[in-house]
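Structure, as C-alpha cells:
The values are calculated or read from the model by the stated rules, or taken from the named source; none is laboratory data. On a predicted model such as this, the values are computed, not experimentally measured, just so you know. Backbone-built Cβ (ideal geometry, glycine too); neighbour counts: all protein chains shown. For accessibility, only protein heavy atoms count, side chains too; no ligands or nucleic acids. Shrake-Rupley method; radii C 1.70, N 1.55, O 1.52, S 1.80 Å.
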Amino acid sequence: MTNPLLQNWDTPFGLPPFDQIEDLHFGPALETALDAARAAMIQIAENPQPPSFANTIEAMELSDKMLNQAANVFYNLAGADANETREALQREMAPKLSAFSSEITNNEALWGRISTLWDQKDQLGLTDEQARVLMLTHRSFVRSGAALVGKDRDRLTEVKSRLAVLGTEFMQNLLADEREWFMPLAEEDLEGLPDFVVDAARAAGKEKGADGPVVTLSRSLIVPFLQFSPRRDLREKAQKAWAARGANGGKTDNRANATEVLALRAERAALLGYDSFADYKLETEMAGAPDKVRDLLMNVWSPAKAQSEADAAILTEMMRADGINGDLMPWDWRYYSEKRRKAEHDLDEAELKPYFQLDRMIEASFDCANRLFRLEFRELDQPMYHPDVRAWEVTRNGQHVAVFLGDYFARGSKRSGAWCSAMRSQSKLGGDVRPIVVNVCNFAKPADGAPALLSYDDARTLFHEFGHALHQMLSDVTYGSISGTSVARDFVELPSQLYEHWLDVKEVLEKHALHSETGQPMPKPLLERLLAAQTYDMGFQTVEYVASALVDLDFHAGAAPTDPIAAEAATLARIGMPQAITMRHATPHFAHVFAGDGYSSGYYSYMWSEVMDADAFEAFEEAGNAFDAGTAAKLEEFILSTGGSQEADALYTAFRGRMPGVEALLKGRGLDKVA
C-alpha cells in the first residue's frame with residue numbers, strides 16, 4: 001500500500017494531500033519515518049570522517065525530514081480535529097518519540113562529534129548563523145543530559161519518557177471534559193441573551209445532538225453567556241463547570257497528573273545540576289532567572305489588583321441594586337461588567353458584534369500585512385483536513401512566500417484555545433523550502449447561511465495568531481531549527497502581541513469594521529467610544545493572567561509541591577487574590593503548563609513580550625504613521641525574518657536601539673495612574 005505521508009507531494013505548493021490521507025496511514029508512516037530518522041542519525045554518529053559542520057550539524061538538520069513531514073500533519077490534526085484513533089496513536093507515540101530523542105542525546109559518538117566541533121568552533125570558519133546553530137545544538141545536548149553517565153543518564157531518559165506520556169494524557173483529559181459537558185437551555189433560559197448568543201447556543205445544540213440550545217465549554221460561547229445571561233443560577237452552573245475542567249474525578253481528572261509532572265520536572269532539573277526546574281527552564285530565556293520574572297509580575301500585580309478592587313466595589317453596588325446581597329462572585333463579574341461598560345461607555349456587545357464579521361477581520365489582517373510588508377493573499381481551492389479550513393497562497397512581488405491555512409470555528413474535535421503551528425517550516429538548507437502555516441481558533445460557528453460574527457476580543461485573537469503566522473511566513477534563515485518562531489519563549493509572543501495593535505488603528509476599523517447586514521462602516525461615535533474603552537476592565541484581565549503566571553512560577557521555582565491544588569491556593573492567598581476573580585487557567589486545566597514543557601515556568605512570557613510590544617508599537621507612533629515603511633522594514637529585518645539566529649535582546653536592541661522598561665506596558669493597560 002502506498003502511504004501518502006511518506007511520498008514527495010506533487011501538489012500545489014507541496015500541500016499535504018489531505019484527500020488521500022486516512023487515519024490508517026498515520027501509524028505506519030510515523031513508525032517508518034522514525035526508523036529512517038534513527039538510521040540517519042546513527043550514520044552521522046558513525047561517520048568515519050572527522051566531524052565537520054557539514055557532515056554533523058547540517059546532516060542532523062536534514063536527517064528527520066520524513067519524520068517532520070508525517071508528524072507535522074498528524075499532530076496538527078490531532079489538536080484541531082481529534083478522534084479516538086488519533087488520540088490512541090498520540091498516546092502510543094509519545095514515549096516512542098521521547099525515547100528517540102533520548103537515543104540521540106545519549107549517543108556518545110554523536111555527542112563526541114558535537115563536542116569536538118564546539119571545542120574547535122573558532123577554527124571552523126563558520127558564518128554567524130552557523131555558529132549560532134552549533135551553540136544551540138551543543139547547549140541542547142547538554143541540557144538534555146548528554147554529559148550524564150550511568151544511572152543518572154538512564155533515569156533522565158525515563159523521566160523524559162514519562163513526562164511525554166503525561167503531557168499527552170493531560171491534554172486529552174481536558175479535551176474530553178470540554179467535549180462531554182454541556183448545559184441544556186429551555187426557551188425561557190434564553191431570555192435576555194442577544195441574538196448572536198442564542199444563535200450560537202442553538203448551533204451548539206445541533207452539533208451535540210441535543211433537542212434544543214445548549215451552553216458548551218467553548219470559550220466563544222460560555223464567555224458571552226456569562227456576560228449576558230440574567231439567570232444567576234445558570235451563570236453559576238456554567239462558571240463552575242468551566243472552572244472544574246480536569247478536576248471532575250474519574251479517568252479524566254488531571255490533579256494526580258499535575259502532581260507527577262511537577263515532581264518529575266524537579267527531578268529532571270536536579271539530575272542536570274539546577275536548583276529548581278525554573279532555574280533550568282529560564283536559563284535560555286530572556287528573563288534568565290526566576291527573580292527577574294517575579295519582579296516583573298509583582299510590578300504589574302500591585303496596580304492591577306488595586307484597580308480590580310476598585311472595580312469590584314462598583315460591580316457590587318450594581319449587584320445590590322438588583323437585590324442580591326451576597327458577595328460578588330466569579331459568575332457575577334462578567335455580567336455586571338458588561339452592564340457597566342454599557343452604562344459608562346455606551347458600548348453594547350450586541351451592537352458591536354455585527355461590525356466584526358469574520359471575513360472582514362481576515363481581510364483586515366491581510367490588508368495590514370500588505371501595507372506593512374507588501375504581502376498579497378490569494379484564496380486556494382484545495383482539499384483540506386476539515387471542510388471549515390480555508391487556504392491562501394501568500395506572495396510578494398509575484399514571488400511565492402508561503403501557504404496560510406485558517407481553521408477558525410470551534411468544534412468538539414478541537415482542543416480549546418487558539419494557536420499557530422507550521423505543517424512545514426522555512427529553511428534553505430538543501431533547497432528553498434517555503435512554509436505552510438496554520439492558525440487555529442475557536443470562534444462560534446454561525447447557523448447555516450448566517451455570517452460569522454466575532455467579539456472585539458475574538459478579532460484581537462485573530463490578529464494575535466496572525467502575528468505568529470507572519471513570524472513564520474517572513475522567516476529568512478538557512479537552518480530550519482532556528483526558523484520562524486524557534487526563539488526564546490519570552491520573545492515568541494512579541495510579533496503576535498505587537499500585531500494586535502493594528503486592530504486598534506482607527507483607519508483599519510474605518511475600512512474593515514463594516515456592518516454584516518448593511519455593509520456600512522461603524523458610526524464614528526461608536527468607533528470613538530470603542531477605542532476610548534480599550535483599557536476597560538483591565539484590572540480584571542491583568543489579575544486573572546498574572547495570578548496564573550505567579551502560580552506557574554511558584555510551582556517550579558522551589559521543591560515540587562506534593563499537593564498542587566493546595567500550593568495554588570497558598571500562592572493566591574499570599575498575593576491576595578480577589579474573591580470575585582479566578583485564575584485564567586487553574587491547575588487541572590492549565591494546558592500551557594502541563595500539556596508539555598512549552599510554557600512551564602514560562603506563562604509569564606506573554607507579559608514579558610508585552611513590555612516589548614508596547615514599546616515596539618511606539619516606534620510606529622513616533623514615526624507618525626502606523627504603517628511607516630521604514631519602521632516596518634526594520635521590524636521585518638531584525639525581528640520577523642531572523643528567527644532564532646541571534647539572542648533575542650540583541651535582535652530587539654537592533655530594532656529599537658535599546659531595551660524597554662515596564663512603563664509602556666502599564667500605560668497601555670491603563671494601570672500607570674493607579675494608586
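Key figures for this structure:
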read-out: Filter pass, R334 being more than 22 Å from L666 (Cβ to Cβ), open to solvent by 30 Å² or more (accessible area, probe 1.4 Å), of a type in the set (K, R) and touching a residue at least 12 places away in the same chain (Cβ under 8 Å); value: yes
read-out: Subset tally (residues that are assigned to a strand (DSSP E or B) and touching a Ser or Thr at 6+ places or on another chain (Cβ under 8 Å)) for the range 378-391; value: 1
read-out: Which numbered condition P387 fails, given (1) open to solvent by 20 Å² or more (accessible area, probe 1.4 Å); (2) of a type outside the set (S, T, Y); (3) in contact (Cβ under 8 Å) with a residue 12 or more places away in the chain; value: (3)
read-out: Candidates T485, T478, T518 - the one that is outside any helix (DSSP H, G or I), free of Cβ contacts under 8 Å to residues at least 12 places away in the same chain and of a type in the set (V, I, T); value: T518
read-out: Checking D597 against (1) under 19 Å from C368 (Cβ atoms); (2) of a type in the set (D, E); (3) assigned to a loop (DSSP other than H, G, I, E, B), the condition it does not meet; value: (1)
read-out: Only one of F627, F620 that is part of a helix (DSSP H, G or I) and of a type in the set (A, V, I, L, M, F, W, C); value: F620
read-out: Given (1) surrounded by 23 or more Cβ atoms within 10 Å (Cβ to Cβ); (2) in a loop (DSSP other than H, G, I, E, B), number of the condition G412 does not satisfy; value: (1)
read-out: Filter pass, E169 being surrounded by fewer than 17 Cβ atoms within 10 Å (Cβ to Cβ), in a helix (DSSP H, G or I) and out of contact with any Lys or Arg (no Cβ under 6 Å at 6 or more places or on another chain); value: no
read-out: Some residue of the range 118-125 being touching a helix residue (DSSP H, G or I) at 6+ places or on another chain (Cβ under 6 Å), in contact (Cβ under 8 Å) with a residue 12 or more places away in the chain and open to solvent by less than 40 Å² (accessible area, probe 1.4 Å); value: no
read-out: Single residue of the range 127-161 satisfying the filter (outside any helix (DSSP H, G or I) and open to solvent by less than 40 Å² (accessible area, probe 1.4 Å)) that is nearest to S483 (Cα to Cα); value: S144
read-out: Selected residue [over 20 Å from V394 (Cβ atoms), out of contact with any Asp or Glu (no Cβ under 8 Å at 6 or more places or on another chain), open to solvent by less than 10 Å² (accessible area, probe 1.4 Å) and in contact (Cβ under 8 Å) with a residue 60 or more places away in the chain] from L454, L462, L470; value: L454
